[in-house]
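Right, one structure below, let's go through it.
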Amino acid sequence: MDMPLAHLDRPFDYLVSAADDEAAQPGVRVKVRFAGQQVGGFLLARVESSDHGGKLAYLERVVSPERVLDPEILRLARAVADRYAGNLADVLRLAVPPRHARVESQTEKSTTTPDPVPAESPSPGPTSSGPTSSGPDVSESISSAPKLSESISSGPISSRSISLGPDSPEAVSPESAFSESAFSESAFSESPLPESPLPESPLPESALPESALVESVLPESALLESVSSGAGDAAPDVASRSTSPVGAERWETGRIREPVAGGWDSYAAGPAYLRALRDARPARAVWSALPGEDWPARIAEAAAATVRGGRGVVIVVADARDLDRVDRALTAVLGDGLHVALNAALGPSERYRRFLAAARGRVPVVVGTRAAMWAPVPDVGLVVIWDDGDDLHAEPRAPYPHARDVLLTRARLADCAALVGGFARTGEGQLLLETRWAREIVADRAVLRGRSPAITPTGDDLQMARDSGAAIARLPSVAWQAAKQALQAGAPVLVQVPRRGYLPSVACIECRTPARCPNCSGPLGLHGARDVPVCHWCGRASADYQCPNCRDRRLRASVIGAKRTAEELGRAFPGFPVRTSGREQVLTDVPGEPAVVVSTPGAEPLAEGGFGAVLLLDTWALLSRADLRAAEETMRRWLNAAALARPAHEGGRVVVVADGSLAPVQALLRWDPGWFAARELAERRDLGFPPAARMASLTGQAAAVAELLSLAHLPDGAEVLGPVPATDEQERMLLRVTRSQAADLAHALHEAAGVRSARKAALPVRIQVDPADLF
């Protein structure tokens, strides 16, 4: 049921009247009477009898006979809720869009829609899971609620979760999870794989890469039964999938375009990966794309191979611009009618119409932004995420899941292929490779050298000898010359600056004291050359600002934004147009003509034929951030921009205004994101930070956080770090455990949250597992 209470995170039994017998099928929306109120929910299963010994209430009504909750999505939602210490109702709110009755009535339901859940499906309930699965005992949770005994039991109507007990086929003990071969099916080469190195019991903390193998993508409590305990799992029989609603015989595959030359065949393992997808094998890969790669076309070709094999595809990208590119590529490769694109900008009716097209099995491919990770594609055979390091992949709503983790969990549950792609590589992607859950798709160095631009730093000894001011200049001579040569050759130039605006930060010109608002102490900035300083927090202007330290009224720039940079470059390159791409206006593409494009990270447009030069300015603003992922995020932004440059043999150049001895600069010079990701992961393992360890943050009023910690039965060895100040006069505590204890930590936090909700605690506590921001 859609109830925001952690202690009610379990299913309940209701009776079905004869009038609702036909419509009340697993997966439909229902209304039930609960604690004197009418609440919504989903019907999970139909059974002949209930284990509840008391009186049962009847369903109020079936909202719609449309089966919108697919059993695969239900299993995935339960696993995600367990992994992030959340409630199933919160996850289902993310997974199933709101109903649009007119769309349901306008769209005729396909006669080939499969049954989402067999009628004889067992009813997982509190009886099998025990009273500790979601907080306090049922009798304690309902003692103060009127008329609750009439409707509560362990049965077919969903509350906020499905509890997976030890007798459930979905529940696997940690020992069996670690003994299962987790990578043997991920091979996409034709050579045999080695035997699984995993022992029959969890490894000690010192052996972190191996012990993190299975848990890195799925908590043990949500794993399927082990399909093999020998040397490796056999690839699934394609013929056994012939009864799937998504079959090669159902779709018009004759119009699907074959992969083009110079695409996947540029990578050593690329052709083998496509063959594995066509054979419906669960091939899992981390793909490092080449500079200048037409990655939407490569993803579309991987989707086409999967559809030829008779299975569905889910593709997740970060933003609407990437979605448009992949949408066009899928149309070009698959033709019309084989995919839908899900985007929040479509509006509720159109988005629900496309959701139903996928739920009813009418299209085998769904692409979209973050919400598409829940797309109910029947018999999914491939999940794809592009640029998994982008912070847009992190869900801002409870329980705050990350699209990468959701898709990898889905790949494990559905026994399907996975593709994690990007120009850069995250620590999580590197962990998948080091634990052998996935294989690497990279190009040979010879191919890479032919596709890469010439990359030059400005702070090394050679540049310092030529230009003594290169170390402190914002636009050193080597960068100016690269831009000038590209413009004279008739090519556009891309300039990436990390800050938007004009002068987002200013300081006293005399004593360098940062300018702060006299009303709220917020930072002051300028929106234009003739504007007065304005506070970024309260928005008040400070026309008569005076430095509190030296009483001087003059200001200087501390940080220069994109608008001011465009103004300066316009004076440096007279006669050439200067355009900006950022928050106010994001350019999609620019013609291959001489022009200067100033962009913030993530807003870089495509240039016809590629940019002749790419300048990476103000690199200190990215590298000096107090963030665990500062270097990783810097590497990602640099590679995404540098990938838009032309190859070196066509005159393409990249100039990074930074010291060449820095590790991110070295990785950029060699175009080696794998080396940098391995280095980052090793450092985090030594320091005990994610993804090498599992962390959770508790944010709220001090008394509330302390109460939750006192109720939580944390795993042995759990570290409690903090408290540290948070926003709105709150505090934040961090908890750290090894990856083998991740499921225990999530369960303990969820159980404690259930006790607090049963007690009707007034002060909330936000629980985030592996939050994006630790500091």
Put C520, C416 in order of accessible area, largest first, probe 1.4 Å, and you get C520, C416
Summarise the accessible area of the range 254-331 (1.4 Å probe, protein heavy atoms) by the percent that is carbon and sulfur.
-> 48 percent
Mean accessible area per residue over the range 1-85 (1.4 angstrom probe, all protein chains present, square angstrom) is 40 Å²
So how much accessible area does Y267 have, in Å² to the nearest 10, using a 1.4 Å probe?
-> 0 Å²
Determine ³J(HN,Hα), in whole Hz, for all residues of the range 723-730 in sequence, where each value follows from phi through the Karplus function 6.51 cos²θ - 1.76 cosθ + 1.60 and θ = phi - 60°; x replaces Gly and Pro.
-> x, 10, x, 10, 6, 6, 6, 9
In whole percent, how big is the carbon plus sulfur part of the accessible area of the range 347-437, probe 1.4 Å, protein atoms only?
-> 51 percent
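Take the Cα pairs of the range 713-762, get the Kirkwood Rh, then feed it into Stokes-Einstein at 4 °C and 1.567 mPa s and tell me D in µm²/s.
105 µm²/s
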Tell me, what is the per residue accessible area of the range 330-396 in Å², probe radius 1.4 Å?
-> 27 Å²
Taking amide H positions as placed in the peptide plane 1.01 Å from N, state which residues far from R61 in sequence (5 or more) or on other chains have amide H under 5 Å from it.
-> K31
What does the accessible area per residue of the range 705-755 come to in Å², with a 1.4 Å probe and no ligands, DNA or RNA counted?
-> 46 Å²
So how far, in whole Å, is the C-alpha centre of the range 564-628 from the one of the range 250-295?
-> 32 Å
Karplus (6.51, -1.76, 1.60) ³J(HN,Hα), θ = phi - 60°, over the range 66-76, in Hz, Gly and Pro reported as x | 6, 8, 8, 9, 6, x, 5, 5, 4, 4, 5
Mean Cα-pair separation over length for the range 648-718, i.e. relative contact order, pairs under 8 Å, 6 or more apart, % = 11 percent
Extension gain from E593 to K31, taking 0.36 nm per residue of separation minus the Cα-Cα distance = 196.3 nm
Obtain the nm distance between the two label points defined at A663 and Q485 by a simple spin-label model: each point lies 7 Å from its Cα along the Cα-to-C-beta direction.
-> 3.2 nm
Taking H placed 1.01 Å from N in the peptide plane, check which residues at least 5 places from L555 or on another chain put their amide H under 5 Å from its amide H.
-> I509
Could you calculate the FRET efficiency of E104 with R445 from 1/(1 + (r/R0)^6), where r is the beta carbon distance between them and R0 is 56 Å, rounded to 0.05?
-> 0.55
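The values are calculated or read from the model by the stated rules, or taken from the named source; none is laboratory data. Since we're looking at a predicted model, the values are computed, not measured. Every residue, glycine among them, receives a Cβ derived from its backbone with ideal geometry; neighbour counts consider all protein chains shown. Side chains included, ligands, DNA and RNA excluded: accessible areas come from the protein's heavy atoms. Shrake-Rupley method; radii C 1.70, N 1.55, O 1.52, S 1.80 Å.
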